[in-house]
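Step one of this worksheet: look at the structure below.
The values are calculated or read from the model by the stated rules, or taken from the named source; none is laboratory data. Being a predicted model, the structure only gives us computed values, none of them experimental. Note that we place each Cβ from the backbone using ideal geometry, even for glycine, and neighbour counts take in every protein chain shown. Just the protein is used for accessible areas: all its heavy atoms, side chains included, with ligands, DNA and RNA removed. Shrake-Rupley method; radii C 1.70, N 1.55, O 1.52, S 1.80 Å.
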Amino acid sequence: MALLRIDKILSSQEIASRKEIKMLIKQGRIKADGKIVTKPEEKFDPENCEITLDDEPILYKRYIYIMLNKPKGVVSASRDSREKTVLDLLPPELRRKDLFLAGRLDRNTEGLLIITDDGEFSHKLLAPKSHVNKLYEAVVDRKLIENDVEKFRAGISEGGDDFLPADMKIIGENTALVEICEGKFHQIKRMFHAVGTEVLELKRLRIGGLLLDDKLSSGEARELSSEEINQALSREKIL
Ligand code: URA
């Protein structure tokens with residue numbers, strides 16, 4: 001990896017503000033491989049050098065990957081000056097400057113959302129040719145029947161869009177699991193609309209092989225492990 005300025009390295013990890021970082025360096029509290037760093041412009045390779053604050057190692061992570069259990073009523077926007085967004089829900093230790101959403105959910109949809117600052121990962125996850133399936137639970141306004149399952153399996157057209165065949169499993173009178181491999185605008189709601197029913201509640205349960213952690217309450221977030229990051233990219237079929 002390229003050499004980076006020590007102040008950039010520290011601020012990318014949200015260790016402290018730029019001003020505070022300057023002060024920490026001035027006070028001699030930052031070391032790189034055991035040597036006191038004296039200037040903010042000094043450069044190091046953060047992946048191959050031990051950086052410490054008050055002799056405590058700073059664990060450098062190039063990218064961060066977060067699972068959020070998105071609540072209803074919050075917008076999936078990276079930045080919105082007027083409204084609270086999903087990024088405002090993150091605790092301080094998970095915040096970074098360049099975070100964005102790897103796939104959005106509608107305001108009234110809840111469930112699994114992945115937030116990261118790794119553009120390449122996000123592209124892999126979202127590109128149609130990656131075939132990463134997503135699983136949703138939908139509650140609709142009428143009884144579901146086998147004919148609905150068949151229509152989803154045959155492929156639905158709505159509002160000028162053709163949706164690829166999707167699997168549906170009826171799990172309650174008006175509740176179903178639906179697996180899709182695309183992520184078109186309002187896709188699940190539009191697919192149900194096309195078969196004459198409206199979605200009352202929608203929750204995303206899974207992306208690829210990554211399940212929403214049922215220990216995360218609505219609005220809570222946590223970092224993904226490297227195993228989970230790979231699971232999210234898995235092409236496995238769900239239903
Ligand atoms: N489909 C929808 O209609 N809404 C979502 O938020 C996600 C999928």
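Quick rundown of the values:
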| quantity | calculated |
| --- | --- |
| Average accessible surface area per residue within the stretch 4-57, 1.4 Å rolling probe, Å² | 63 |
| Tensor-based shape of the stretch 4-57 (alpha-carbon gyration tensor, a/c under 1.5 rounded, otherwise prolate or oblate) | rounded |
| Distance between the stretch 161-189 and the stretch 103-121 - C-alpha centres, whole angstrom | 18 |
| Selection of chymotrypsin sites (Phe, Trp or Tyr not before Pro), the stretch 108-215, meeting DSSP coil and at most 15 other Cβ within 10 Å | Phe185 |
| Computed magnitude of the charge dipole of the stretch 106-157 (debye, nearest 20; Cβ of K, R +1, Cβ of D, E -1) | 240 |
| Apportionment of accessible area to carbon and sulfur, the stretch 4-57, percent (1.4 Å) | 49 |
| Whole-number percent relative contact order across the stretch 47-88, with pairs defined as alpha carbons under 8 Å at least 6 apart | 22 |
| Accessible area (Å², per residue) of the stretch 134-207, counting only protein heavy atoms and a probe of 1.4 Å | 48 |
| Lys, Arg +1 and Asp, Glu -1 on Cβ, resulting dipole of the stretch 91-239 about Cα centre, debye, nearest 20 | 180 |
| Mean separation of Cα contacts under 8 Å, 6 or more apart, over the residue count of the stretch 133-239: relative contact order % | 34 |
| Translational diffusion coefficient (Stokes-Einstein; Kirkwood radius from C-alpha pairs) of the stretch 69-167 at 4 °C, 1.567 mPa s, in µm²/s | 81 |
| For the chain, alpha-carbon Rg relative to the globular expectation (2.2 N^0.38 Å, N residues) | 1.25 |
| Under Karplus coefficients 6.51, -1.76 and 1.60, residue-wise ³J(HN,Hα) of the stretch 137-146 in Hz, glycine/proline x | 10, 10, 10, 10, 9, 8, 5, 8, 10, 4 |
| Whole-number percent relative contact order across the chain, with pairs defined as alpha carbons under 8 Å at least 6 apart | 20 |
| For the stretch 86-97, Karplus couplings with θ = phi - 60° (6.51, -1.76, 1.60), whole Hz, Gly/Pro x | 4, 5, 5, 7, 6, x, x, 6, 9, 7, 9, 5 |
| Rounded to whole Hz, the Karplus (6.51, -1.76, 1.60) HN-Hα couplings of the stretch 186-202, x for glycine and proline | 6, 4, 5, 4, 5, 5, 5, 4, 5, 9, x, 9, 10, 7, 8, 9, 9 |
| Trypsin sites (Lys or Arg not before Pro) lying in DSSP loop within the stretch 122-208, provided at most 14 other Cβ fall within 10 Å | Arg142, Lys143 |
| Shape of the stretch 134-207, Cα gyration tensor, a/c cut at 1.5 | rounded |
